[in-house]
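Reading through the structure tokens given below for one structure.
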Amino acid sequence: MKNSQTLYDQAVKVLPAGVNSPVRAFRSVGGTPIFMEKGEGTYLFDADGNRYLDFCGSWGPLVLGHRHPEVQAAITEVVGRGWTFGTPVKEEVALAQLVADKLDAVEMMRFVNSGTEAVMSAIRLARGTTGRDKILKFRGCYHGHVDYLLVDAGSGLATFGTAASAGVPDAFAELTALAPLDDLEGLQKLFAEIGEQIAAVVIEGVPANNGLLIQSHEYIAGLRRLCDQYGALLIFDEVLAGFRMPEVMAYAHYGVQPDLVCLGKVIGGGMPVGAYGGRAEIMHHIAPLGKVYQAGTLSGNPVAMAAGYATLKAYYEADVPAVIEKLGAYLDPRMEALLADVADLGFIRLGSLFWFYFKRAQAPRTAEAIAAESGEIYGKLHRLMLDRGIYMAPSSYEVGFLNAAMTTTELDMLLDGIKAAVEEGIVS
Ligand code: PMP
């Protein structure tokens, strides 16, 4: 790890904690971050030439694995002609047409540069459309680092938020109400109190940033009903869950139609892209057609658009959701057998997302149900996996990602790693 360590020593002098996004700093698992240099299929190679099986997948975009040949060719082709023009380009039309064709909840969309921007813009659009100010988000859901979405729960159901980050005025957080996951009665009470003031409810398609907190169909259906009853728009943040479900999208998994959908990660194929979209009637409120302002110097950038288009084209041609379910059919029963007598560790998977949870008989559905010891145990598991050449996200809260470049060989490596964790007494 000599080169990684040298890079890290240099990085901490010019980048806070040596990173540009906090979790990468390895603070919650211990040790120092590994600097990666190359990706190939489902493997990463670090600055010292070590190889890792990659279950992080750049935090979600790489549903096809690293350097898929068609995506690489599409990027290279555009770069050969220039990489930004500040004008409309054919690549953004192609990607928008493909998304609108495949996602029935998205008639029109606007491309932005990150998931954070997608959610921020969708909420502005919802506020501009409804003329209401308040929004509702769920405890344990992450939607990017927008001020009023970095909000902690106060006590009591209908308390409005307080800032969860320094630098966010409470006055911003006060427009955000917090709702409980997996508690339809609590949600009903909250709507009864403030439903008529709510512009939009934003929920992660499948909450996957605080563990994988899979919600029941009844809960999501109940949420849709309440939004309709009180005239609030329902925003599905599918930045992470989109193109990762057996039904492609989380809204399709739950069989509900959201008013707006936020996209990111996969839709850019690993380039910085986000998007928000929905019915044309709502999208017509965006400038210059309507009065809701939103813009971007590099939005719709041709390299990013081409990478996203090539990724989605290959995704549909290969029927990636079916490929993933085949991998799942291999992995799930083997993992279940392996963990049958292991009380400390549970495994849950939905589409290409999976998560290990600790010290619970059932997979948690709320952030509050996650065992406090999880971080400590996960730190040990993470270290063991790393020593075996397996790169998992450096936090117990983060999910793992399968990709279409994986085979049973890689799944066996994961299973062997878990077996070793049991044998070494990390979990029992
Ligand atoms: N929404 C969700 C559900 C996410 O998972 C993330 C990122 N993990 C974001 C929004 C923010 O996206 P970005 O990091 O691209 O700003």
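Values in this text are rule-based calculations from the coordinates and carry no lab data. Since the structure is predicted, the reported quantities are computational estimates derived from the model, not experimental observations. Cβ sites come from the backbone with ideal geometry, for glycine too, and all protein chains shown count toward neighbours.
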(message) Quick check on the exposure proxy: order SER28, SER121, SER58 from fewest to most C-beta atoms within 10 angstrom.
(response) SER58, SER28, SER121
(message) I want to check the label-to-label distance for SER428 and THR87. Put each point 7 Å from Cα in the C-beta direction and report it in nm to one decimal.
(response) 7.0 nm
(request) Report the net charge of residues surrounding VAL106, where surrounding means a beta-carbon distance below 14 angstrom and charges are Lys +1, Arg +1, Asp -1, Glu -1. (result) -4
(message) Assuming 0.36 nm per residue, please report the length gained on full extension of the stretch ALA17 to HIS145 beyond their Cα-Cα distance.
(response) 44.3 nm
(message) Just to be sure I understand: of the beta bridges DSSP finds with both ends in segment 69-317, what percent are antiparallel, rounded to 5?
(response) 45 percent
(message) Tell me which trypsin sites (Lys or Arg not before Pro) from segment 234-292 have a DSSP coil assignment and no more than 11 other beta carbons within 10 Å of their own.
(response) LYS291
(request) Would you mind telling me the antiparallel percentage of the DSSP bridges in the chain, rounded to 5? (result) 60 percent
(request) Using just the helices of the chain, give the 222 nm mean residue ellipticity in deg cm²/dmol: DSSP H runs with n ≥ 4 each add -39,500 (n - 2.57), and the total is spread over all residues, rounded to 500. (result) -11500 deg cm²/dmol
(request) Within segment 1-94, report the trypsin sites (Lys or Arg not before Pro) that DSSP leaves as loop and that have at most 13 other Cβ atoms within 10 Å. (result) ARG81
(message) Just want the ordering: ASP48, ASP9, from fewest to most Cβ atoms lying within 10 Å of their own Cβ.
(response) ASP9, ASP48
(request) May I ask you to derive the FRET efficiency for SER58 and LEU384 from their Cβ-Cβ distance with R0 = 22 Å, giving the value to the nearest 0.05? (result) 0.45
(request) Add +1 for every Lys or Arg and -1 for every Asp or Glu among the other residues with Cβ under 13 Å from the Cβ of TYR148, and state the total. (result) -1
(request) Mind scanning LYS291/LYS313; LYS102/LYS380; LYS137/LYS291; LYS102/LYS419; LYS13/LYS137; LYS137/LYS380 and naming the pairs with a C-alpha gap bigger than 30 Å? (result) LYS291/LYS313; LYS102/LYS380; LYS102/LYS419; LYS13/LYS137; LYS137/LYS380
(message) Can you sort TYR251, TYR43 from fewest to most other Cβ atoms within 10 Å of each residue's own Cβ?
(response) TYR43, TYR251
(request) Find, among the GluC sites (Glu not before Pro) in segment 75-110, those assigned to loop by DSSP (not H, G, I, E, B) with at most 16 other beta-carbon atoms within 10 angstrom. (result) GLU107
(request) Considering Cα pairs under 8 angstrom that are at least six residues apart, work out the relative contact order of segment 69-317 and quote it in whole percent. (result) 30 percent
(request) Order these peptides, 399-407, 355-363, by their mean beta-carbon neighbour count within 10 angstrom, highest first. (result) 399-407, 355-363
(request) Give, as a single signed number, the net charge of other residues whose beta carbon lies under 12 Å from the beta carbon of GLY389, with Lys and Arg counted +1 and Asp and Glu -1. (result) -3
